[in-house]
Every structure is written in C-alpha cells, then in structure tokens.
1. Do we have Leu100 as surrounded by fewer than 24 Cβ atoms within 10 Å (Cβ to Cβ) and under 14 Å from Phe42 (Cβ atoms) here?
2. Output the residue which, of all residues in the range 87-121 that are of a type in the set (Gly, Ala, Ser), modelled with pLDDT under 95 and under 16 Å from the mean Cα position of the chain (by Cα), is farthest from Gly51 (Cα to Cα).
3. Name the residues in the range 200-248 that are under 16 Å from the mean Cα position of the chain (by Cα) and more than 28 Å from Gly278 (Cβ to Cβ), would you?
4. Find all pairs meeting these conditions: Cβ atoms under 7 angstrom apart; at least six residues apart or on different chains; first residue within the range 197-220 and in contact (Cβ under 8 Å) with a residue 24 or more places away in the chain and under 23 Å from Ser180 (Cβ atoms); second residue part of a helix (DSSP H, G or I) and among the β-branched types (Val, Ile, Thr).
5. Give all pairs with beta carbons closer than 8 Å in which a residue from the range 276-299 that is at pLDDT below 95 meets a residue that is in a helix (DSSP H, G or I) and hydrophobic (A, V, I, L, M, F, W, C); count only pairs at least 6 apart in sequence or on separate chains.
6. How many residues are closer than 24 Å to Asp87 by Cα and not small (Gly, Ala, Ser) if we restrict to the range 238-255?
7. Just the residues that are in contact with a Pro (Cβ under 9 Å, 6 or more places away or on another chain), within 21 Å of Asp171 (Cβ to Cβ) and not small (Gly, Ala, Ser), please, taken from the range 207-265.
Amino acid sequence: MGSDGHQKDHAAELSALASLKKIADANYDYEHSKYVIFGVPFDYTSSYRRGSSRGPTEVRRAYDNLESYDVSYEVDFSELPICDIGDIYVNEDASETVDLVEQVTSIIVRDGKIPVMIGGEHSITGGSIRNFRNSSMMIIDAHSDFRDSYMGNKHNHACVTHRALDVLGEDRIFSFGTRSTSREEFEDPDYSKVKFIRAETVKEKGIGRCLEDIIPKLEDSLYFSIDMDGIDPSQAPGVGTPEPYGLMDKDVRFLIRKLAKRINGFDVLEFTPDFDNGNTAMLAAKLIQDYIGSRETKKAF
C-alpha cells in the first residue's frame, strides 16, 4: 500500500486468482518485486503421461535444495526482488485456463514486472504470449506442436506453436530441439513460418553457431518457453512425452545466458513428477535461477 492507503498496483486482484504457495528466495511482496513467479497446475489435454499439474509444487520443492548464492553469477537470489503469487486456480476447460493465464500475465506485465510461469502443460503458454505481441519467441521443445487442432481442441498442448503463430505472425518464432513432427504438421502451409532448429542440427553445428544464425532476426524483446521434453530424456526423464536424442541441459543454459537481458517473459513446463528420478525437477528449478541470475549478473557470458 502507498502512504496514502491506496493500492499502487494489482496485488489484491492477483491474490484473488492464486494460492499462497511460495518458492524459496521469493522474499519480496508483489509491489516491490521485479520477477513474479506463478504456477499453473493444468494438464487436462495431456495425451500420454499425465501429471504435469503437480509440476509447480515439485519444482518449488526441488528449488528448496538450491543454494541462494550462485558463484557463477555472483548473485544472491534471496536478495533479489522475486515474488511468488502461488498457483492460479484452474478448471478442466483449456480455453478458460488459457484466458486466465492471459489475464494474470497481463496484470504482471502492465505493472512493469516480469512473469515467470511454472507449468503445467504447454497449452498454457498460448495465454502468456498474447501479452508479448511485439516480441520474438524462443521455444525449447522436442515436438513442433504445430497442429491447428488436436483431439477436437485448438488449445491442446500439441497446438501451442500454432497458437503462438496466430499471435506473433511469420518469422518471429524459433523452436530449438525439434525431433518429432507429424506429417500433418509438416505439410501445413504455415509450417515454414516458424523456424524449427532440430536437435541433430544443434549437435552438428553447435549451439553457438545455431544462435548466431538467428540473432539478427530476433526482436529486442523475447519470450522464452521451455518444454522440458526438449532436453534429452537422459537428463530430463520426468516429462509427459519423452523423445530420444534431445538437447543437452548446457545447450539450454547457453541460450538463456546469451539472451537473458532481452527475455521479458519466461516459462518452464511439461514436468511430470511421477516419472522423474529427481533430476528433471532440479533442472527445471535451476533453469529459473539461470534466467534470473543471467539477467542480474554483472558478468558477461
């Protein structure tokens, strides 16, 4: 509250939409925060291994075991302006959930803060991206997720890249780690409007060269979305739709470190705890630290 007793931002409105769960190091209230974490426990369109609705809770649990100080960034996360508003309340309707994610993200962005979303399945990113219409988008994903509709639902997790294209338009979406695409998707006349960088291309050329190829095409503002199945299942086994021959965790960290200063929206999704050995939850938690640390560090990467 301000000294005059009036609410300065939308903290009260957000508190009505979310629970009180909190990630470690989130020591600031909403008004004084820069990074606003929230979970979306939604997985009702998942088509293989269900359970990503418990992802936000388990990522927070894993985060509890990370050190607050990271020597590689020379940053103490417990001192940074991080807030966690908890998990937003969702139902089984994908369209309504995507709209709610849009609403929550809109409030955070309009208040001049950076949303950090923990999923949940990938369909929810379709709501966040609506608030970044002047941005480029980078996706980490094993799948192209380019169906226009799947199982009768345009907001299925298998459609999120197509929904993002509806918002952003041609040549503004770059998806790293692709290694699974249906014939239906590949033959879609709009498929070429998204730049898919296959995992085997990253292995052949190196992640640095692949990033160099697209840097000139990126807007100054970027939304960064991580489907954990984009990372090789040897390093991230706890995902809903695992696919062999993926990116390495250091590939993803490289992209985050190089691009963090222009990333104004971030999410980590598709973590399925029932199939994890502990590695996926910890990696998802660490990627959140990597993003915030890369923005706040004075070091150059």
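1. yes
2. Per the criteria, the residue is Gly119.
3. Ser221, Leu222, Tyr223 - these are the residues of the range 200-248 that are under 16 Å from the mean Cα position of the chain (by Cα) and more than 28 Å from Gly278 (Cβ to Cβ).
4. Between residues of the range 197-220 that are in contact (Cβ under 8 Å) with a residue 24 or more places away in the chain and under 23 Å from Ser180 (Cβ atoms) and residues that are part of a helix (DSSP H, G or I) and among the β-branched types (Val, Ile, Thr), the close pairs are Cys210/Thr201; Cys210/Val202.
5. Going by the 8 Å Cβ cut-off, the qualifying pairs are Gly278/Ala62.
6. 2
7. Selection gives Asn264 alone.
Let's see how each residue does on (1) in contact with a Lys or Arg (Cβ under 8 Å, 6 or more places away or on another chain); (2) surrounded by fewer than 19 Cβ atoms within 10 Å (Cβ to Cβ):
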{"position": "Asp220", "(1), (2)": "yes, yes"}
{"position": "Lys258", "(1), (2)": "no, yes"}
{"position": "Thr272", "(1), (2)": "yes, no"}
{"position": "Ile292", "(1), (2)": "no, no"}
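The values are calculated or read from the model by the stated rules, or taken from the named source; none is laboratory data. Since this is a predicted model, take the numbers as computed values, not measurements. Note that each Cβ is placed from the backbone with ideal geometry, even for glycine, and that neighbours are counted across all protein chains shown.
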